[in-house]
Amino acid sequence: MRHRFALGLLCGLIGLVASLGFWPKLALARLAPNPCDAAAATAASQIGVPVDVLMGITRVETGRTIDGTLSPWPWTVNQAGSGSFFDSAQDAIAHVRLALDQGQRNIDIGCFQINIRWHGAEFTSVEAMFEPTENAVYAARFLLQLYHEFGDWDDAIGAYHSRKTAAATTYALKVARVMERTPDRLTLSTPFLHGLPPPKDRENRYPLLQLGHSGQMGSLVANASDQPLLPLFQ
């Protein structure tokens, strides 16, 4: 009986030690900054675009709800309109490489869903295109170009997605709704460069989103009539 009690006590101690090792790791994993949010903050600081705009866009592009919170995911792939979340960068890269080997090019990847067919030439590799900060900086530069073109963040947000006004309006509204739900702690104190204005007060941010421009708008997902900038990376 004593041997059984001692064995049970030993097993209990082993389980306790194991749990003490496991739970801190789990807690740290949950406290770790989201890769896409961290990349958005870096890109906002470097390029000079509103961090809440970037955080709204990455959630619309790659967001999934975990424990009741909408969070972006860097290992997201949209292939010809079909989206997939992968557990790791390695899995996502392997999937994309297989698709490329099969001749598919209409693939959006990473935190900001940059299209390989139209923008792959701006990156040195699939791995670089998936890297959260490189992905975010490219998206931020594109948004900055759109802001200078249209002079308005509302229009720039819509144009990021589509050249068609109706689609741009719908997209901009989605981003605005997500931005309103983004925790304040994620969007505080981002420097603004290039003399650009910071976002408006939170309760009155991008209120109308009226995209009335009749001209062509740029997009990271180009129209079929557009041509790639350069041949794809090999």
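The values are calculated or read from the model by the stated rules, or taken from the named source; none is laboratory data. These figures come from a predicted structure and were not determined experimentally. Reconstructed Cβ throughout: ideal geometry from the backbone, glycine too, with neighbour counts over all protein chains shown.
For residue 138, the criteria (1) among the hydroxyl-bearing types (Ser, Thr, Tyr); (2) at pLDDT 90 or above; (3) outside any helix (DSSP H, G or I) hold in every case but one, which is (3). Scanning the range 73-130 for residues that are assigned to a loop (DSSP other than H, G, I, E, B), closer than 22 Å to residue 42 by Cα and not polar (S, T, N, Q) returns 73, 74, 75, 110, 111, 112, 123. No other residue among 147, 206 is part of a helix (DSSP H, G or I), more than 23 Å from residue 79 (Cα to Cα) and either of a type in the set (Ser, Thr, Tyr) or at pLDDT 95 or above (or both) apart from 147. It is to be established whether one or more residues within the range 117-128 are touching an Asp or Glu at 6+ places or on another chain (Cβ under 9 Å), closer than 16 Å to residue 76 by Cβ and modelled with pLDDT of 95 or more. Taking every residue of the range 117-128 in turn, none turns out to be touching an Asp or Glu at 6+ places or on another chain (Cβ under 9 Å), closer than 16 Å to residue 76 by Cβ and modelled with pLDDT of 95 or more. Looking only at residues of the range 53-70 that are at pLDDT 95 or above and of a type in the set (Ser, Thr, Tyr), we find that the one that is farthest from residue 141 (Cα to Cα) is 62.
Counting only residues that are surrounded by 24 or more Cβ atoms within 10 Å (Cβ to Cβ) and over 12 Å from the mean Cα position of the chain (by Cα), the range 53-89 holds 0 of them. Exactly one residue among 29, 18 is aliphatic (A, V, I, L, M), within 20 Å of the chain's Cα centre (by Cα), at pLDDT below 95 and not in a loop (DSSP other than H, G, I, E, B), and that residue is 29. Can you confirm whether the range 165-177 contains a residue that is assigned to a loop (DSSP other than H, G, I, E, B) and at pLDDT 95 or above? No, the range 165-177 contains no residue that is assigned to a loop (DSSP other than H, G, I, E, B) and at pLDDT 95 or above. Tell me which residues, restricted to the range 140-163, are surrounded by fewer than 17 Cβ atoms within 10 Å (Cβ to Cβ) and touching a residue at least 12 places away in the same chain (Cβ under 8 Å). Correct list: 141, 145, 149.
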